[in-house]
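The structure appears right after this line, and notes come after that.
The values are calculated or read from the model by the stated rules, or taken from the named source; none is laboratory data. From a predicted model like this one, the values you see are computed outputs, not experimental measurements. Methodologically, a virtual Cβ is constructed for each residue, glycine included, from the backbone with ideal geometry; neighbour enumeration extends over all protein chains shown.
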Amino acid sequence: MKRPDLHNSLASSAMTFLLFTGMPIQAAELDEWEHREEDTAQSAVADNNHAHTPPEPSNPSKSAASECRRIEGKLASIFQNECLERNLVITGGVSVNGALILYKEYPPLPSRSPHGRVLLIGGIHGDEYSSVSIVFKWMKILDKFHSGLFHWHVVPLLNPDGLLREKSQRMNANGVDLNRNFPMPDWDTETADYWLHRTDSDPRRYPGKSALSEPETHWLAREIEQFNPDVIVTVHAPHGVVDYDGPKNAPYRLGRLYLSLIGTYPGSLGNYAGIQKHIPVVTIELPYAGSMPTSTEINNIWVDLVNWLRRNLGTQIRSVEKNQETEPS
Ligand SMILES: [Zn+2]
């Protein structure tokens with residue numbers, strides 16, 4: 001089904017405003033308009049192991065720049081310097097093999113009271129290449145058009161050891177499925193039972209020795225504690241749906257991806273944050289792990305996500321932020 005051309009009309013009205021006033025388009029429009037910039041269809045881009053050979057993970061990265069070089073070297077649709085230009089910073093989080101977990105903050109702006117805090121995470125599973133690449137594409141949009149509508153923390157690659165090895169793998173360097181390593185009541189029995197009996201001890205679903213046994217999950221749990229997000233958006237592949245855990249209204253559709261609840265697994269981030277901490281967790285399952293959606297679809301998912309966030313976080317403006325708000329005169 002062809003989507004209504006809502007965003008094209010927004011784009012043209014925003015453009016008209018810019019052309020006739022010569023003034024920058026203000027906040028709210030930008031979050032929707034921004035996406036039209038690159039709204040030209042292109043064929044899916046292969047996104048798995050390509051020509052470049054990344055350095056071995058046994059040589060730990062020492063800086064955000066060197067980490068970026070390794071990421072660019074691995075992902076076909078992240079072009080030269082595209083990661084570096086995002087100016088990611090060190091979080092303090094380090095993988096099993098010593099790779100840095102990088103992130104970028106898009107903070108509240110003085111002129112705006114943000115609707116809420118959003119934590120966006122790609123690459124929990126190292127062989128889901130598109131889940132990393134698409135977060136970089138969305139960061140490029142935010143770099144250009146962040147208007148302060150939301151306060152973002154963006155982590156494009158939580159599992160660098162899984163991705164940045166010669167043959168990328170779902171698990172981290174300890175062979176742990178990070179998305180089964182988060183705490184829950186009776187973690188030991190719940191995750192063990194599930195792994196042994198429901199997955200037949202599938203090594204790709206190994207939950208680890210104990211909850212948060214892995215440095216990557218340990219770091220993310222602390223980040224959730226400190227940032228206290230109102231929503232967590234996490235990107236996976238290849239189920240081609242939107243999954244959701246949490247108390248609020250799930251998004252019915254993002255781009256061409258429709259809501260389909262595919263289950264809450266013991267030790268998953270959705271279980272931990274969505275069910276236990278009551279933080280809405282939107283899981284975007286891209287249709288292919290090894291190839292990107294078209295530019296149009298990348299933009300459409302983003303626009304729909306921002307609109308859903310706007311509708312669902314609009315009423316959660318905290319009083320402290322209200323007090324800091326300065327209305328434009
Ligand atoms: Zn995944």
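So which residues in the stretch 66-85 are in contact (Cβ under 8 Å) with a residue 60 or more places away in the chain and either touching a strand residue (DSSP E or B) at 6+ places or on another chain (Cβ under 8 Å) or hydroxyl-bearing (Ser, Thr, Tyr) (or both)?
Within the stretch 66-85, 67, 77 qualify.
Do you know which residues across the stretch 280-308 are touching a strand residue (DSSP E or B) at 6+ places or on another chain (Cβ under 7 Å), surrounded by 23 or more Cβ atoms within 10 Å (Cβ to Cβ) and farther than 13 Å from residue 256 by Cα?
Result: 280, 281, 282, 283.
Quick check, is residue 152 more than 16 Å from the ligand (Cβ to nearest atom) and closer than 15 Å to residue 286 by Cα? If you could, list the steps in order and put the result at the bottom.
On the way: more than 16 Å from the ligand (Cβ to nearest atom): yes; closer than 15 Å to residue 286 by Cα: no.
In short, no.
Based on what the data block shows, is residue 93 within 17 Å of the chain's Cα centre (by Cα), under 18 Å from residue 172 (Cα atoms) and at pLDDT 85 or above?
Details: within 17 Å of the chain's Cα centre (by Cα): yes; under 18 Å from residue 172 (Cα atoms): yes; at pLDDT 85 or above: yes.
For residue 93, the condition - within 17 Å of the chain's Cα centre (by Cα), under 18 Å from residue 172 (Cα atoms) and at pLDDT 85 or above - is met.
All but one of (1) over 30 Å from residue 74 (Cα atoms); (2) within 14 Å of the ligand (Cβ to nearest atom) hold for residue 197, so report the exception by its number.
Exception for residue 197: condition (2).
Using the structure shown, decide if residue 175 is under 30 Å from residue 210 (Cβ atoms), small (Gly, Ala, Ser), part of a loop (DSSP other than H, G, I, E, B) and within 16 Å of the ligand (Cβ to nearest atom). Please lay out each step first, then the result.
Values: under 30 Å from residue 210 (Cβ atoms): yes; small (Gly, Ala, Ser): yes; part of a loop (DSSP other than H, G, I, E, B): yes; within 16 Å of the ligand (Cβ to nearest atom): yes.
It is true that residue 175 is under 30 Å from residue 210 (Cβ atoms), small (Gly, Ala, Ser), part of a loop (DSSP other than H, G, I, E, B) and within 16 Å of the ligand (Cβ to nearest atom).
Looking at 199, 234, which one is polar (S, T, N, Q), surrounded by 15 or more Cβ atoms within 10 Å (Cβ to Cβ) and within 15 Å of the chain's Cα centre (by Cα)? Step through it out loud before you land on a result.
Working: 199 fails: within 15 Å of the chain's Cα centre (by Cα).
The match here is 234.
Mind listing just one residue for me: the one in the stretch 129-145 that is among the hydrophobic types (A, V, I, L, M, F, W, C) and in contact (Cβ under 8 Å) with a residue 40 or more places away in the chain and, of those, surrounded by the fewest Cβ atoms within 10 Å (Cβ to Cβ)? Before the answer, list the steps.
To start, the set of residues in the stretch 129-145 that are among the hydrophobic types (A, V, I, L, M, F, W, C) comprises 132, 134-136, 138-139, 141-142, 145.
Retained after the next criterion (residues that are in contact (Cβ under 8 Å) with a residue 40 or more places away in the chain): 132, 134-136, 138-139, 141, 145.
Details: 132: 29, 134: 24, 135: 24, 136: 24, 138: 24, 139: 24, 141: 20, 145: 18.
That would be 145.
Residue by residue through the stretch 242-262, note down the ones that are surrounded by fewer than 21 Cβ atoms within 10 Å (Cβ to Cβ) and within 16 Å of the ligand (Cβ to nearest atom). Before you say what the answer is, go through the steps one by one.
Pass one, the stretch 242-262, residues surrounded by fewer than 21 Cβ atoms within 10 Å (Cβ to Cβ): 246-250, 252-253, 256, 258-262.
Within the stretch 242-262, 260, 261, 262 qualify.
Listed residues 148, 126, 162, 208; which is surrounded by 18 or more Cβ atoms within 10 Å (Cβ to Cβ), assigned to a helix (DSSP H, G or I) and not β-branched (Val, Ile, Thr)? Let's see the steps before the verdict.
Numbers: 148 fails: assigned to a helix (DSSP H, G or I); 126 fails: assigned to a helix (DSSP H, G or I); 208 fails: assigned to a helix (DSSP H, G or I).
Answer to the selection: 162.
Taking the conditions exactly as written (within 16 Å of the ligand (Cβ to nearest atom), farther than 22 Å from residue 245 by Cα and acidic (Asp, Glu)), does residue 214 satisfy them or not? Talk me through it step by step, then tell me what you get.
On the way: within 16 Å of the ligand (Cβ to nearest atom): yes; farther than 22 Å from residue 245 by Cα: yes; acidic (Asp, Glu): yes.
When the stated conditions are applied, residue 214 passes them.
Which members of the stretch 101-123 meet the condition of being within 17 Å of the chain's Cα centre (by Cα) and not small (Gly, Ala, Ser)?
The initial filter retains those residues of the stretch 101-123 that are within 17 Å of the chain's Cα centre (by Cα), namely 101-107, 116-123.
Scanning the stretch 101-123 gives 101, 102, 103, 104, 105, 106, 107, 117, 118, 119, 120, 121.
Would you be able to say whether some residue in the stretch 204-219 is of a type in the set (A, V, I, L, M) and farther than 27 Å from residue 188 by Cβ?
Our first condition is that a residue be of a type in the set (A, V, I, L, M); within the stretch 204-219, this holds for 211-212.
Remaining after also requiring farther than 27 Å from residue 188 by Cβ: none.
No, every residue in the stretch 204-219 fails to be of a type in the set (A, V, I, L, M) and farther than 27 Å from residue 188 by Cβ.
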